[in-house]
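The values are calculated or read from the model by the stated rules, or taken from the named source; none is laboratory data. As the structure is a prediction and not an experimental result, all values here were calculated from the model. Note: ideal-geometry Cβ built from the backbone for every residue, glycine included; neighbour counts use all protein chains shown.
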Amino acid sequence: MVDFRRLEDTAVTNKRVLVRVDFNVPCDDSGNVSDNTRLVAALPTINYLRKNKAIIILISHFGRPGGQREPSASMMKLVGPLSELLKTDVAFAPDCVGEIADKAVANVKQGDVLLLENTRFHKGESHTADGAKGYDPDFAKALAAHGEVFIHDAFSVAHRAQGSTSGIAANLPAYAGLAMERELDHLSQALDVPRRPVMGLVGGAKVSSKIDLLKNLVCRLDTLAIGGGMANTFLAALGHKVGASLCEHDLKDTALEILANAKQAKCEVLLPIDVVASKEFKAGAEHRVCGLDAVADNEMILDAGPATVDKLADAIDASKTLIWNGPLGAFELVPFDTATVEAAKYAAKCAQNNGLIAVAGGGDTVAALRHAGAADGFTFISTAGGAFLEWMEGKALPGIEILKKK
Ligand code: AMP
């Protein structure tokens, strides 16, 4: 279990508390917030700090302005929605460092909230003074000077060491916020100290983007189910015909190596035993369910078949913990969403009724589980993309390292 410093471990009353949130929210064409999930995720920490009469200073990145002041990437548009959610006026400073920011910080009163402008308006957030990747320590010092305590509450950027994360932690005592804490507790429970048997379900397009993840998982799991386009590479490596399917033929040796690692680690690997094949990659395309060796040269495997879904359900039944990343088929194209939808619904049912700990995250996973109507049934869904994947790869995440108790 990750042992890290938590918000409750530090006194915050009348202290200037600098909180790194993730307010990189999706916006519509007019620049209005179209999904406020990330704002809502920050509320518990902000409300805790308000209740405890801290002086609250929020910082975040938004978009990729690349060190330039880009009006469309201003945090200003979040002031209204955030004020509404918090039921109090949120103040705004049109810069995150320098005189304007310093003055705004000096004016915040106990229990009040100030939002600073986008950290990525400054190159120092993600580049050194020489332009190399990293951060500029002087920029980080200027940010850190706003606070007496640093709360990191943005797990989604935990895989990056930037000025507004590791840079501040180099200058101030750092603690996990309540959203970060929830994330770390759930992920740690699922992979570091899981209730066994623990099963992974990994799907998605390509093996190439998930080699490290698969290599790490086979050493830690009791069962690993592989689905989606990436399963085709495994099937091809085992000598099955995959026709015109998405398949990385150059990675067949890697696939065999992963299977050999799994065998050595006594992790059972489940691959599709039947598939849904079609000649066209489009919604509503004509399709058929067939056995592994019946895929024609001009057909693509676009989903797992019903016998595979039954087998996955049995494996989920036999597990106490499930970690899910990636869809089992081309889920955006109905009816090739069937295996993903059925397996997700089954996992959600087991989580609700049988005490299964079901954790999911990364990239398209949240969209796939929402599409299945199963997201609310899962024990925990991480909305982080890259950070979730790097955590599944077993990597040390800089944003978590800074919070660990020495
Ligand atoms: P990833 O970002 O690696 O999790 O991949 C997600 C994407 O994989 C989705 O857009 C799916 O449509 C796609 N995908 C899953 N299975 C297949 C398949 N059998 N053939 C083609 N694309 C697939």
Unmet requirement for Thr340, which otherwise passes all of (1) at pLDDT below 95; (2) within 30 Å of Glu299 (Cα to Cα): (1)
Can you tell me which condition Val359 does not meet? The list is (1) near the ligand (Cβ under 8 Å from one of its atoms); (2) part of a strand (DSSP E or B), and all the others hold. (1)
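In the stretch 297-324, what count of residues is obtained for those that are more than 19 Å from Ile273 (Cα to Cα) and within 7 Å of the ligand (Cβ to nearest atom)?
Quick first cut of the stretch 297-324, residues more than 19 Å from Ile273 (Cα to Cα) only: 298, 319-324.
Right, trim to within 7 Å of the ligand (Cβ to nearest atom) and you get none.
The total comes to 0.
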Residue count, the stretch 263-286, condition surrounded by 18 or more Cβ atoms within 10 Å (Cβ to Cβ), within 13 Å of the ligand (Cβ to nearest atom) and over 28 Å from the mean Cα position of the chain (by Cα), comes to 4
Can you confirm whether the stretch 377-386 contains a residue that is assigned to a helix (DSSP H, G or I) and either without any contact (Cβ under 8 Å) to a residue 24 or more places away in the chain or within 16 Å of the ligand (Cβ to nearest atom) (or both)? yes
Residues to consider are Val19, Val12; find the one that is assigned by TED's automatic domain parsing to the domain that holds Tyr175, under 18 Å from Thr119 (Cβ atoms) and in contact (Cβ under 8 Å) with a residue 12 or more places away in the chain. Val19
Test: residue in the stretch 75-98 that is out of contact with any Asp or Glu (no Cβ under 8 Å at 6 or more places or on another chain), outside any loop (DSSP other than H, G, I, E, B) and within 17 Å of Gly167 (Cβ to Cβ): yes
Please work out which residue is farthest from Thr37 (Cα to Cα), limiting yourself to the stretch 152-188 and to residues that are in a loop (DSSP other than H, G, I, E, B), within 17 Å of the chain's Cα centre (by Cα) and not acidic (Asp, Glu). Ala161
If you go through Ala351, Ala347, Ala368, the only one that is within 16 Å of the ligand (Cβ to nearest atom) and either in contact (Cβ under 8 Å) with a residue 12 or more places away in the chain or among the acidic types (Asp, Glu) (or both) is Ala368
